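This is the structure I have questions about; it appears just below.
The values are calculated or read from the model by the stated rules, or taken from the named source; none is laboratory data. What you see is a predicted model, and the numbers here were worked out from it, not measured in a lab. Reconstructed Cβ throughout: ideal geometry from the backbone, glycine too, with neighbour counts over all protein chains shown.
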Amino acid sequence: MSEMYKEISFMARKRRDDQLAAAYPLPPIKEESLPKDLRNYPKDSGLFRQDELEILDMDAATIVQKIRDRKLTSVETTKAFCKAAAVAQQLTNCVTEVLFNEGLERAKYLDEYLEKTGTVVGPLHGLPMSLKDNFMTPPHPSSIGMAAYANEPTEKDSVLVKMLRKLGAVFYIKTNVPTSMFMAETINNVWGETRNPIHKGLSPGGSSGGEAALIAMRASPLGVGTDIGGSIRIPSAWCHLYGLKPSFGRFSTWGGRPSIPGQDFIAAVCGPMSRSLQSLRLFGEALCSEQAAPWNLDPKIIPIPWRKNLIQPPGCKLRLGVISGDGIVTPHPPVQRAVEIVKKVLKEAGHDVIDWEPIDHAAIVNTVSEAFFLLGSDVIISRLVEFSEPIFKAMERQYQSNHGKVHNLGADKLREIILRRNQLQTDYLDRWISTQKDNERPLDGIISPVAPTAANRLGFAETSHYTGYTNVFNLLDLPSCTFPVTYASQSIDMKRGSEWQPLSDMDRLIQNEYDPEIYDGAPVSLQLVGKRLEEEKVLEMVEVVSNALKTAGYSP
């Protein structure tokens, strides 16, 4: 019994590794020869032709247009990304299920369709796309990092998978997650640990960490992650990607494998991740189109077609609040510097920037933590115990070493936390709208850190991790998109001195983790939050901020 999860892991890893080796038998890599930043390895390795490298550098919109114009084929594009995924796996351990064969079959069909008809099947025609492991792509398992599901075939596509395929997407790979998708680092007992391609000593975050690592390695032009407490934004931020967490009801999560089945106190959402902001817009336009009509496939989807030009009048001054710290955990020096950079460039560009006090954030963070404890521990921990899986300390802290004990969550308690959630949402909206003064519209958005750290050192989550900067906006159900700002620098971002006073024991612990030398070169990103169901405006605002950063000379 004690070895059950190990046997399951061996079978799953062998299946993956055999498929990768059969497709691309790569030479072994000497770890000591690798640089800290792994992103240039494909270009320097000699494993790729120049035309393949050019494909890997393209964003999703460019790929789709070139396939439409018959300057590229889906087959040659998919082959390039399959090979890149095999290399990314070798470098970062980001892959779970390999879908190369069916991906290339689909790509061939789409090429032939375009050749015969002169038309495309949809706006994503021929585009290779990667998926977080929890999306169902039968018959491949969807393990979510748990032995219970690692070798169990699936039978029915997730609604999102079915929709994207109908729109022309080509699926070729699925990516690693932490155990039950419930940690801010990507590690589990089935597939092992994924590391950050930008800084190999750091984590890519979680739970969409495998997806972020794959995309950062240029092994996917566009991927899909999920987010219930920061699982798109933390990995996107830590891998310098644009990652959109939408409000619930824009993109379907139906038919995927959830962390906590039946839990909708805080609804899980899914969203796009990419090195290109335009790729996120392509995803939204395709999925929220009349052709896709997701509201006819998932009763939870709100029938709002994708909108354009929500910033009115175009080019107008934005009103943005900025959170420098949430009053619970202080951001590390590189993150605070990123906040100051963004405030400065926005003011210089003529935008209205105000300090946004994190009122109620502590109450929201505590409510999220309590809800996940009450609604999730019996489901997750009992399945781990069933297969004798060791429980990571990060999960023990979340579930207070519950070890399979079932909670008797009574109706009174459930009603109480629901009422508390609703009041917190109402209070936050009221405060946001109250910023409408002197003929000015309310705040357009809020800019905030994504995490107190630039990116965690590998394994630090076993000591401590904090997701309060992201899970606040999950409970509030507000859309948010990450954007790259800069890199940590040991010559600029000095460790705080003895005069600095922590806000709490957890704040002290996280601050003591900061070592300028270890974190040198770590990616630093922020997030921009909008009002509920304003995903399009969030992307437009992120474009404004990103352009201001580039104009000021910041182009990470």
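Here is a check on your reading of the model: is Val472 assigned to a helix (DSSP H, G or I), in contact with a His (Cβ under 7 Å, 6 or more places away or on another chain) and buried (at least 17 other Cβ atoms within 10 Å of the Cβ)?
yes
To continue, here is another question. Using the structure shown, decide if Thr426 is part of a helix (DSSP H, G or I), at pLDDT 95 or above, out of contact with any Leu (no Cβ under 7 Å at 6 or more places or on another chain) and polar (S, T, N, Q).
Yes; evaluated as a whole, the condition is true for this residue.
Yes/no matrix, rows are residues, columns are (1) touching a helix residue (DSSP H, G or I) at 6+ places or on another chain (Cβ under 7 Å); (2) at pLDDT 95 or above; (3) more than 20 Å from Thr226 (Cβ to Cβ):
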residue	(1), (2), (3)
Ile446	no, yes, yes
Tyr469	no, yes, no
Ser480	yes, yes, no
Ser491	no, yes, yes
Arg508	no, yes, yes
Gln511	no, yes, yes
Gln527	yes, yes, no
Pro556	no, no, yes
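If I go through the stretch 372-391 residue by residue, how many of them are hydroxyl-bearing (Ser, Thr, Tyr) and either buried (at least 17 other Cβ atoms within 10 Å of the Cβ) or under 25 Å from Ala451 (Cα atoms) (or both)?
Of the residues in that region, 1 qualify.
A further question follows. Being touching a residue at least 40 places away in the same chain (Cβ under 8 Å) and more than 30 Å from Pro153 (Cβ to Cβ): is that true of Asp51 here?
So Asp51 fails the test.
From the list Ser498, Ser489, pick out the single residue that is touching an Asp or Glu at 6+ places or on another chain (Cβ under 9 Å), among the polar types (S, T, N, Q), part of a loop (DSSP other than H, G, I, E, B) and under 29 Å from Gly459 (Cα atoms).
That would be Ser489, the only listed residue that is touching an Asp or Glu at 6+ places or on another chain (Cβ under 9 Å), among the polar types (S, T, N, Q), part of a loop (DSSP other than H, G, I, E, B) and under 29 Å from Gly459 (Cα atoms).
Condition test on Arg496, is it basic (Lys, Arg) and without any contact (Cβ under 8 Å) to a residue 60 or more places away in the chain?
Spelling it out, it is not the case that Arg496 is basic (Lys, Arg) and without any contact (Cβ under 8 Å) to a residue 60 or more places away in the chain.
Restricting to the stretch 10-40, name every residue that is assigned to a helix (DSSP H, G or I), in contact (Cβ under 8 Å) with a residue 60 or more places away in the chain and under 27 Å from the mean Cα position of the chain (by Cα).
Ala12, Arg13, Arg15, Arg16, Gln19, Leu20
How do the pairs read when you match residues in the stretch 408-428 that are within 16 Å of Ile266 (Cβ to Cβ) with residues anywhere that are among the aromatic types (Phe, Trp, Tyr), using Cβ under 9 Å and keeping only pairs 6 or more apart or on different chains?
Correct list of pairs: Leu414/Phe265; Ile417/Phe265; Ile418/Phe265; Arg421/Phe265.
Out of curiosity, is Val87 in contact with a Ser or Thr (Cβ under 8 Å, 6 or more places away or on another chain), buried (at least 22 other Cβ atoms within 10 Å of the Cβ), assigned to a helix (DSSP H, G or I) and at pLDDT 95 or above?
yes
It is to be established whether one or more residues within the stretch 127-141 are part of a loop (DSSP other than H, G, I, E, B) and either small (Gly, Ala, Ser) or within 16 Å of Leu458 (Cα to Cα) (or both).
no
Say whether the condition of being buried (at least 19 other Cβ atoms within 10 Å of the Cβ) and either assigned to a helix (DSSP H, G or I) or touching a Ser or Thr at 6+ places or on another chain (Cβ under 6 Å) (or both) is met by at least one residue in the stretch 547-556.
yes
To continue, here is another question. Here is a list: Val329, Val342, Val322, Val353. Which entry is under 16 Å from Tyr487 (Cβ atoms), crowded, with 17+ Cβ neighbours inside 10 Å and not polar (S, T, N, Q)?
The match here is Val342.
Restricting the search to the stretch 182-209, which residues are assigned to a strand (DSSP E or B) and either hydrophobic (A, V, I, L, M, F, W, C) or in contact with a Cys (Cβ under 9 Å, 6 or more places away or on another chain) (or both)?
Within the stretch 182-209, Ile187, Leu202 meet the criteria.
Step by step: first the residues of the stretch 289-316, then only those that are closer than 27 Å to Gly350 by Cα and without any contact (Cβ under 8 Å) to a residue 24 or more places away in the chain, then the one that is surrounded by the fewest Cβ atoms within 10 Å (Cβ to Cβ). Which residue is that?
Taking the candidates together, the pick is Pro313.
Still on this model: Return the residues of the stretch 397-413 that are at pLDDT below 70 and either aliphatic (A, V, I, L, M) or surrounded by fewer than 18 Cβ atoms within 10 Å (Cβ to Cβ) (or both); say none if nothing qualifies.
Passing the criteria: Gln400, Ser401, His403, Gly404, Lys405, Val406, His407, Asn408.
Moving to a separate point now. Just a yes or no: is a residue in the stretch 359-371 crowded, with 20+ Cβ neighbours inside 10 Å, over 24 Å from the mean Cα position of the chain (by Cα) and either closer than 19 Å to Leu503 by Cβ or not acidic (Asp, Glu) (or both)?
No, there is no match, as no residue in the stretch 359-371 is crowded, with 20+ Cβ neighbours inside 10 Å, over 24 Å from the mean Cα position of the chain (by Cα) and either closer than 19 Å to Leu503 by Cβ or not acidic (Asp, Glu) (or both).
When the stretch 322-358 is examined, which residues are found to be over 25 Å from the mean Cα position of the chain (by Cα) and not basic (Lys, Arg)?
The answer is Val345, Leu346, Glu348, Ala349, Gly350, His351, Asp352, Val353, Ile354, Asp355, Glu357.
In the list Ala394, Ala455, Ala451, Ala461, which residue meets the criterion of being surrounded by 24 or more Cβ atoms within 10 Å (Cβ to Cβ), of a type in the set (Gly, Ala, Ser), part of a helix (DSSP H, G or I) and in contact (Cβ under 8 Å) with a residue 60 or more places away in the chain?
Criteria check complete, one pass: Ala461.
Output yes when any residue across the stretch 42-51 is surrounded by 12 or more Cβ atoms within 10 Å (Cβ to Cβ), more than 28 Å from Gly201 (Cβ to Cβ) and among the aliphatic types (A, V, I, L, M), and no when none is.
Looking through the stretch 42-51, none of the residues is surrounded by 12 or more Cβ atoms within 10 Å (Cβ to Cβ), more than 28 Å from Gly201 (Cβ to Cβ) and among the aliphatic types (A, V, I, L, M).
Here's something else I'd like to know. Identify the residue in the stretch 149-197 that is at positive phi and under 20 Å from the mean Cα position of the chain (by Cα) and, among all such residues, is surrounded by the fewest Cβ atoms within 10 Å (Cβ to Cβ).
Going through the qualifying residues, I end up with Gly192.
Still on this structure, I have one more. I need a count of the residues in the stretch 312-328 that are farther than 23 Å from Val365 by Cβ and in a loop (DSSP other than H, G, I, E, B).
7
Show the residue pairs meeting these rules: Cβ distance below 8 Å; 6+ apart or different chains; first residue within the stretch 155-175 and farther than 19 Å from Ala212 by Cα and among the β-branched types (Val, Ile, Thr); second residue at pLDDT 95 or above and not in a loop (DSSP other than H, G, I, E, B).
Between residues of the stretch 155-175 that are farther than 19 Å from Ala212 by Cα and among the β-branched types (Val, Ile, Thr) and residues that are at pLDDT 95 or above and not in a loop (DSSP other than H, G, I, E, B), the close pairs are Val159/Pro294.
Within the stretch 59-72, which residues are more than 24 Å from the chain's Cα centre (by Cα) and crowded, with 19+ Cβ neighbours inside 10 Å?
Passing the criteria: Ile67, Leu72.
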